[in-house]
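The values are calculated or read from the model by the stated rules, or taken from the named source; none is laboratory data. Owing to the predicted nature of the structure, the values given are computational and were not obtained by experimental measurement. We place every Cβ from the backbone using ideal geometry, glycine too, and count neighbours over all the protein chains shown. Each accessible area value is taken on the protein alone, full model and side chains, heavy atoms only, with ligands, DNA and RNA left out. Shrake-Rupley method; radii C 1.70, N 1.55, O 1.52, S 1.80 Å.
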Amino acid sequence: MTAEELDGRIGEGWGGIKPNGSHVNVVLARRGSPTFAAAIGMFAHPSPGHTPVLVCIGPDEAHYEPIWPPTLMMNKATARDENHETITWGAAQLGIGQGVLDAVADGLLEATDELAVLVAVWVDPEASDETAVRLANREAVRKAIGTCVEGRAPDAAVRLVAERDSLQNPFYSGD
């Protein structure tokens, strides 16, 4: 698919097991589009406790390089302490980069600057296993990009409508 066809596509993914699992929302944006402009706006105007970063990899700061396609990540959970910050911008960022590169290797995306990948990531403040968080983000991002590019199962909407009265959410405890 072309960058124009992918612009504005949305996907989500979960990887791993709490507290070291991770949830992501992904939006694909074509350079020059309104979607891309909104992404740059997010990048330029962070809110307290939420830091957008260009996903980079490298053994140390002097050797950082951005992955392709360029990927912006933003934390959904407010960074609460040094451990949460380190796991979010370390393990989660590396896993996000690997997940995007997996999508490139699988032929879903091209390694080009014509498309940007926007990732909103939730890392549990109780996360403690960096490797598990990295792997969870890799899995979640690859899944979300797959949804962006390949779409959802055609029967998903029909099933959700049919089950609408019995739907659940892990954060809802009412009747």
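Across segment 44-72, the number of residues qualifying as surrounded by fewer than 16 Cβ atoms within 10 Å (Cβ to Cβ) and of a type in the set (Phe, Trp, Tyr) comes to 1.
Which is modelled with pLDDT under 90 and in a loop (DSSP other than H, G, I, E, B), of Gly49, Gly32, Gly8, Gly41? Going through Gly49, Gly32, Gly8, Gly41 in turn, the sole match is Gly49. Taking Glu82 as the residue in question, decide whether it is surrounded by fewer than 17 Cβ atoms within 10 Å (Cβ to Cβ), over 19 Å from Arg142 (Cβ atoms), modelled with pLDDT of 95 or more and not small (Gly, Ala, Ser). So Glu82 does not fit the description; no. Filtering segment 90-106 for residues that are farther than 20 Å from Val27 by Cα, open to solvent by 20 Å² or more (accessible area, probe 1.4 Å) and either modelled with pLDDT of 95 or more or basic (Lys, Arg) (or both) leaves a non-empty set.
Residue count for segment 90-139 satisfying the condition of being among the hydrophobic types (A, V, I, L, M, F, W, C), in a helix (DSSP H, G or I) and in contact with a helix residue (DSSP H, G or I) (Cβ under 7 Å, 6 or more places away or on another chain): 9.
Restricting attention to segment 126-154 and to residues that are buried (at least 17 other Cβ atoms within 10 Å of the Cβ) and of a type in the set (Gly, Ala, Ser), the residue that is farthest from Leu109 (Cα to Cα) turns out to be Ala127.
It is to be established whether one or more residues within segment 75-88 are over 20 Å from the mean Cα position of the chain (by Cα), part of a helix (DSSP H, G or I) and free of Cβ contacts under 8 Å to residues at least 12 places away in the same chain. Yes, segment 75-88 contains a residue that is over 20 Å from the mean Cα position of the chain (by Cα), part of a helix (DSSP H, G or I) and free of Cβ contacts under 8 Å to residues at least 12 places away in the same chain.
Out of curiosity, is Leu72 of a type outside the set (Phe, Trp, Tyr), at pLDDT 90 or above and in contact with a Pro (Cβ under 6 Å, 6 or more places away or on another chain)? Working first, answer last.
Details: of a type outside the set (Phe, Trp, Tyr): yes; at pLDDT 90 or above: yes; in contact with a Pro (Cβ under 6 Å, 6 or more places away or on another chain): yes.
Here the answer is yes, as Leu72 does meet what is asked.
Take Ser22 and tell me if it is hydroxyl-bearing (Ser, Thr, Tyr) and within 22 Å of Pro170 (Cβ to Cβ).
Numbers: hydroxyl-bearing (Ser, Thr, Tyr): yes; within 22 Å of Pro170 (Cβ to Cβ): yes.
The answer is yes for Ser22.
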